[in-house]
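Scroll down for the structure; my scribbles are underneath it.
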Amino acid sequence: MPSLTHLRLPGILDTLEARNREAIDRKLAYTDFLTLLIQDEIARRDQRKLDARCPRATNQHLR
């Protein structure tokens, strides 16, 4: 898993085990499995951006 960290994809590490189990249970194609992992990473990044913006917006509103 160091490769995922090196590529700056830590969100995939967080969901890899659960998504792997889901792929096995649902008999997903490799491309569908990879799509889910990438969507998880995108969602994690979007959430981090939102979390970073919220305190700044609150601080600007209070001024």
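Answer with yes or no whether R19 is over 8 Å from the mean Cα position of the chain (by Cα) and either of a type in the set (D, E) or at pLDDT below 95 (or both). Answer is no for this residue.
The set of residues in segment 22-50 being at pLDDT 95 or above, small (G, A, S) and exposed (fewer than 14 other Cβ atoms within 10 Å of the Cβ) consists of A29 alone.
The values are calculated or read from the model by the stated rules, or taken from the named source; none is laboratory data. These numbers come from a predicted model, not from an experiment. Note that we place each Cβ from the backbone using ideal geometry, even for glycine, and neighbour counts take in every protein chain shown.
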